[in-house]
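Visitor: Quick one: the structure is below, questions incoming.
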Amino acid sequence: MIENSIPVTVRILDKEYRVACKQGEEESLIAAARLVDQKMREIRSSGKVLGTDRIAVMASLNLAHDLLEKQMHKDEANLGINSRLRTMQQKIDAILSKENQLDL
């Protein structure tokens, strides 16, 4: 177990797992387990994937894909924000430069 951790029992696809968790992060772990359980149930109910191992892999791939998509959109948004901030900074610098020239 991890130092300063506590055991938390989660249930995924009708099976219990005891997981070491940092104190204070129990709710986050339980929420993650619920999400994994939900994805696995969705895949199992589609009837296209058989076997718990394969269902787990497909759920993991789906969750990883969702995470990467969100990170990509976040990165794109950050690029746009950074570009707008640079433009604003350039405008501010130009105005301050004109102000300084007028003061001379």
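The values are calculated or read from the model by the stated rules, or taken from the named source; none is laboratory data. Predicted model, so just to flag it, every value in this text is computed and none were measured. With ideal geometry, Cβ positions are generated from the backbone for all residues, glycine too; neighbour counts draw on all protein chains shown.
Visitor: When you look at residue 43, is it touching a residue at least 40 places away in the same chain (Cβ under 8 Å), out of contact with any strand residue (DSSP E or B) (no Cβ under 6 Å at 6 or more places or on another chain), surrounded by 10 or more Cβ atoms within 10 Å (Cβ to Cβ) and hydrophobic (A, V, I, L, M, F, W, C), yes or no? Outline the logic, then answer.
Guide: Values: touching a residue at least 40 places away in the same chain (Cβ under 8 Å): no; out of contact with any strand residue (DSSP E or B) (no Cβ under 6 Å at 6 or more places or on another chain): yes; surrounded by 10 or more Cβ atoms within 10 Å (Cβ to Cβ): yes; hydrophobic (A, V, I, L, M, F, W, C): yes.
In short, no.
Visitor: Kindly check whether there is at least one residue in segment 5-12 that is in a loop (DSSP other than H, G, I, E, B), surrounded by 15 or more Cβ atoms within 10 Å (Cβ to Cβ) and in contact with a helix residue (DSSP H, G or I) (Cβ under 9 Å, 6 or more places away or on another chain). First the steps, then the outcome.
Guide: Filtering segment 5-12 for residues in a loop (DSSP other than H, G, I, E, B) gives none.
No, every residue in segment 5-12 fails to be in a loop (DSSP other than H, G, I, E, B), surrounded by 15 or more Cβ atoms within 10 Å (Cβ to Cβ) and in contact with a helix residue (DSSP H, G or I) (Cβ under 9 Å, 6 or more places away or on another chain).
Visitor: Give the residue, chosen from 37, 75, that is modelled with pLDDT of 95 or more and either assigned to a helix (DSSP H, G or I) or of a type in the set (S, T, N, Q) (or both).
Guide: Result: 37 is the single residue among 37, 75 that is modelled with pLDDT of 95 or more and either assigned to a helix (DSSP H, G or I) or of a type in the set (S, T, N, Q) (or both).
Visitor: Hey, another quick one. Checking the conditions here, which among 59, 94, 77 is hydrophobic (A, V, I, L, M, F, W, C) and under 30 Å from residue 17 (Cβ atoms)? Spell out the reasoning first.
Guide: On the way: 94 fails: under 30 Å from residue 17 (Cβ atoms); 77 fails: under 30 Å from residue 17 (Cβ atoms).
Sole residue among the options that is hydrophobic (A, V, I, L, M, F, W, C) and under 30 Å from residue 17 (Cβ atoms): 59.
Visitor: Let me ask another. Can you confirm whether residue 91 is of a type outside the set (Ser, Thr, Tyr), within 19 Å of the chain's Cα centre (by Cα) and surrounded by 10 or more Cβ atoms within 10 Å (Cβ to Cβ)?
Guide: Details: of a type outside the set (Ser, Thr, Tyr): yes; within 19 Å of the chain's Cα centre (by Cα): no; surrounded by 10 or more Cβ atoms within 10 Å (Cβ to Cβ): yes.
Criteria not met by residue 91.
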